[in-house]
1. How large is the Rg to Rh ratio of region 87-174 when both quantities use alpha carbon positions and Rh follows Kirkwood?
2. Please order T82, T160 by the number of other Cβ within 10 Å, starting at the fewest.
3. In this model, which of K74/K131; K80/K170; K74/K170; K88/K170 are farther than 25 Å apart at the alpha-carbon?
4. Using Cα pairs closer than 8 Å and at least 6 residues apart in sequence, work out the relative contact order for region 3-172, in percent.
5. When you take every Cα atom in region 3-172, what is the radius of gyration, and what is Dmax, the widest Cα pair distance, in Å?
6. So which residue, out of Y97, Y135, Y147, gets the largest mean-square fluctuation from a GNM of the chain using Cα contacts under 10 Å as springs?
Amino acid sequence: MGILTQSYQFPRDGGNLLIDSTIRVSADRGAPLEFGESDDGGFGFRLGTGFCQEPGAELMNSDRLDDTDRLWGKPVCWVKHTATVVSKRAGVAMFGYPCNLRHPTGWPARCYSLCSANPFAAGPFAKDKSKEGSYTISAGQTLELRYLVAIYDGELMRATVDQVFARVAKEQSR
């Protein structure tokens, strides 16, 4: 048994809304706490159907890969979804902080507008059963995971996403 705490801040970055999330899981009940390996779960977002790949949403990661078949499970710094919503371009980019367990993490980006960061799926993401994604928090210890989500109007160009990630990484290292 453990204790989960979450905190969220909602700053602005120009015209973009940011969601800065900190998740802490503590094994403070006198016993270790184990996360099993699973490609489901993690910190994620589910967007409306306009962000599905089939109607034409664009998915991309920090390695410049697109299409969910190429994105799924890749360990990268960020993933973004862009679509036309009510005749306007908009999107969401999600970043994992460099301090996170197994950074850069794998992202099970899905064609049906689901994207999440998941540090507990090494085997399924690599399609290699010899890799292990489970993780144990020792008794009395805490695992902290941090993620940043940027919600934007218009196009968020790759260079801009890289700049946001560089700023996040720099601020995190202070």
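FYI, it's all coordinate maths here, none of it is from the lab. What you see is a predicted model, and the numbers here were worked out from it, not measured in a lab. Neighbour counts are summed over all protein chains in view; Cβ atoms, including those assigned to glycine, are modelled from backbone coordinates with ideal geometry.
1. Rg divided by Rh gives 1.03.
2. Details: T82 20, T160 16.
Fewest to most other Cβ atoms nearby, the residues stand as T160, T82.
3. Among K74/K131; K80/K170; K74/K170; K88/K170, the Cα-Cα distance tops 25 Å for K88/K170.
4. Numbers: 387 pairs, mean separation 52.9, N = 170.
Relative contact order for region 3-172 comes out at 31 percent.
5. Cα only, region 3-172: 16.3, 54 Å (Rg, Dmax).
6. Looking only at Y97, Y135, Y147, the biggest GNM fluctuation is shown by Y135.
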